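The values are calculated or read from the model by the stated rules, or taken from the named source; none is laboratory data. All values derive from a computational prediction rather than experimental measurement. Glycine gets a Cβ as well: all are built from the backbone with ideal geometry, and neighbour counts include every protein chain shown. Ligands, DNA and RNA are excluded from the accessible area calculation, which covers all protein heavy atoms including side chains. Shrake-Rupley method; radii C 1.70, N 1.55, O 1.52, S 1.80 Å.
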Amino acid sequence: QCQLNGLWKNDQDSLMEISVLRDNGDFQGQYLTQVTLSSGCAQISPLKGAQQQLGEEGWPTFAFTVRWDKFSNATTAFVGQCFVDAGGKEMLSTMWLLREAVGSLEEDWKATR
């Protein structure tokens, strides 16, 4: 079974640490992104999420948000599933949407990536 808690690294060299995983599936941690629009240095941002609770077997689905409050006026929502490959390595497969703040309803079309 896949366990979400711990340290994860993505293909962009960003790190995510899930430090608290509660019995009800809620979790929190931090995201250290290497991909920023403002500068080349890494920035830490808080994350909160929830994991779908499963029985003893299965690959849990999850969702979490990251608030990029220290360097950007944006929020990203991630959804995904945890898997274990044939070699026993845990892997998260995710998709994300990033929402940036815009100044007007007319600019709404360009706010989500």
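Per-residue answers, yes or no, for (1) out of contact with any Ser or Thr (no Cβ under 7 Å at 6 or more places or on another chain); (2) over 16 Å from Phe27 (Cα atoms); (3) exposed (fewer than 14 other Cβ atoms within 10 Å of the Cβ); (4) of a type in the set (Gly, Ala, Ser):
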position	(1), (2), (3), (4)
Ile44	yes, yes, yes, no
Leu47	no, no, no, no
Ala77	no, no, no, yes
Cys82	yes, no, no, no
Gly87	yes, yes, yes, yes
Glu90	yes, yes, no, no
Leu98	no, yes, no, no
(message) Restricting to the stretch 25-39, name every residue that is open to solvent by 50 Å² or more (accessible area, probe 1.4 Å) and at pLDDT 90 or above.
(response) Asp26, Gln28, Gln30
(request) Kindly indicate the residue of the stretch 1-15 that is part of a strand (DSSP E or B) and open to solvent by 90 Å² or more (accessible area, probe 1.4 Å) and also nearest to Ala50 (Cα to Cα) among those meeting that condition. (result) Leu7
(message) Gly103 - would you say it is outside any strand (DSSP E or B), of a type in the set (Gly, Ala, Ser) and at pLDDT 90 or above?
(response) yes
